[in-house]
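Reviewing the structure listed below.
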Amino acid sequence: MVLAPLAAAAPANFARQVSSSSAAAATKTGSSGAQPTITEMATGGNSSSTASTASTKAASGLSDLDILNFALTAEHLESNFYMMGFQKFQASDFMNLGLDQSMVQMIMDVSMTEAVHVTTLQAAISAAGGTPVQKCDYNFDAALASPDAMLKTARTLEAVGVSAYLGAAPLVNSSDVLAAAASIVTVESRHQAVLRLANKAVPVPAPFDTALGPRAVFTLAAPFIKSCPTGSNLSVQPFPAIALQNPDQATIGSSLKLQDPAQPSGASFCAFVAPGGPQYEQISNGECAVPQGLAGEVYMMITKSKSIADDQVLAGPTVIQPS
């Protein structure tokens, strides 16, 4: 896989996709030269469309620029994770786990494409008149405790990356931004397949992937983030973490036990968010069963009701891997 030409070309191509709508919006509105926002790009300067877009933003709480910066935050995390991991471990460390040289090279290629995604999103945000968020200070101590821990964490991060892009898609107003993001998520799904193979799991466990909303995604990312530079903190609050007694026993038919049966207060259901839609299991005496029909990476949440709407989620998600 030759990545050098891609690294040189991708940011410019991506930025042109996003900024081309900006030029069109400026022409239609006869603006005084001010750079249109990415929301204006989506509406082409039409006032009624702009009003509709504003309502969409109010409902989701995020503009298209916010969503691009949210994606950049995730790509920064992934890129720095791989960079720090490959600084710490050698190819031979992974081969000692049973991986062959070609598989190790594929994982290194994943690392390189994550770095390209960072520069691509930075260019797109700047072209749209925004300020790209900077990388944060990360805590990968447990994630990089060993080569095996790195592979397991990478498998989870790639799955969450796919889910993050899918969950953000309905919130995007600009078709150009949506198309550009789609060109990244398809590659993220290939990353996920590579890391599942590296962890000796089937590469395609289900016919569909699972979408996660921004708060759920940030809940999974937050434990890796120590702090972020001023101006680079997202306006997204994570949910409380799920405390389980037996998180490693998440197999089909097993019972998962809350660390404290009385917490979180109001907990009624375990929601298992997976391809095909969420499944709900009643919590009884601080326990819930892992339902049938789950595959791949599954997101477990604690909810008030049979809903995973933000206002019904009490804790989580946490990632379980029944297959």
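The condition (being in the same structural domain as Asn96 (by TED's automatic domain parsing) and not in a helix (DSSP H, G or I)) is satisfied by just one residue among Pro223, Pro205: Pro205. Search the range 191-241 for residues being polar (S, T, N, Q) and more than 18 Å from the chain's Cα centre (by Cα), and hand back the single one that is farthest from Gln321 (Cα to Cα). Applying the filter and picking the extreme gives Thr230.
Against the definition (in contact with a helix residue (DSSP H, G or I) (Cβ under 6 Å, 6 or more places away or on another chain) and modelled with pLDDT of 95 or more), how does Ala198 come out, yes or no? Yes. The residue list Gly293, Gly277 contains one member that is touching a strand residue (DSSP E or B) at 6+ places or on another chain (Cβ under 8 Å) and in a loop (DSSP other than H, G, I, E, B), which is Gly293.
Yes/no per residue for (1) assigned to a helix (DSSP H, G or I); (2) in contact with a Leu (Cβ under 8 Å, 6 or more places away or on another chain); (3) of a type in the set (Phe, Trp, Tyr):
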| position | (1), (2), (3) |
| --- | --- |
| Met103 | yes, yes, no |
| Thr119 | yes, no, no |
| Asp141 | no, no, no |
| Ser163 | yes, yes, no |
| Gly167 | yes, yes, no |
| Thr186 | yes, no, no |
| Arg190 | yes, no, no |
| Ala193 | yes, no, no |
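Of all the criteria given as (1) crowded, with 16+ Cβ neighbours inside 10 Å; (2) touching a strand residue (DSSP E or B) at 6+ places or on another chain (Cβ under 7 Å), the one not satisfied by Asn139 is (1). One residue stands out among those in the range 100-131 that are surrounded by fewer than 21 Cβ atoms within 10 Å (Cβ to Cβ) and among the charged types (D, E, K, R): the one that is nearest to Leu77 (Cα to Cα), which is Asp109.
A quick yes/no check of all residues on (1) in the same structural domain as Val172 (by TED's automatic domain parsing); (2) among the small types (Gly, Ala, Ser); (3) not in a helix (DSSP H, G or I):
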residue	(1), (2), (3)
Glu78	yes, no, no
Met83	yes, no, no
Met106	yes, no, no
Asp109	yes, no, no
Thr113	yes, no, no
Val116	yes, no, no
Ala124	yes, yes, no
Val133	yes, no, yes
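Among the conditions (1) closer than 27 Å to Phe70 by Cβ; (2) loosely packed, with under 13 Cβ neighbours inside 10 Å, Val202 misses just one, which is (1).
The values are calculated or read from the model by the stated rules, or taken from the named source; none is laboratory data. The shown structure was predicted, so the numbers you read here are calculated from the model rather than taken from an experiment. Cβ atoms come from the backbone with ideal geometry, glycine included; neighbour counts cover every protein chain shown.
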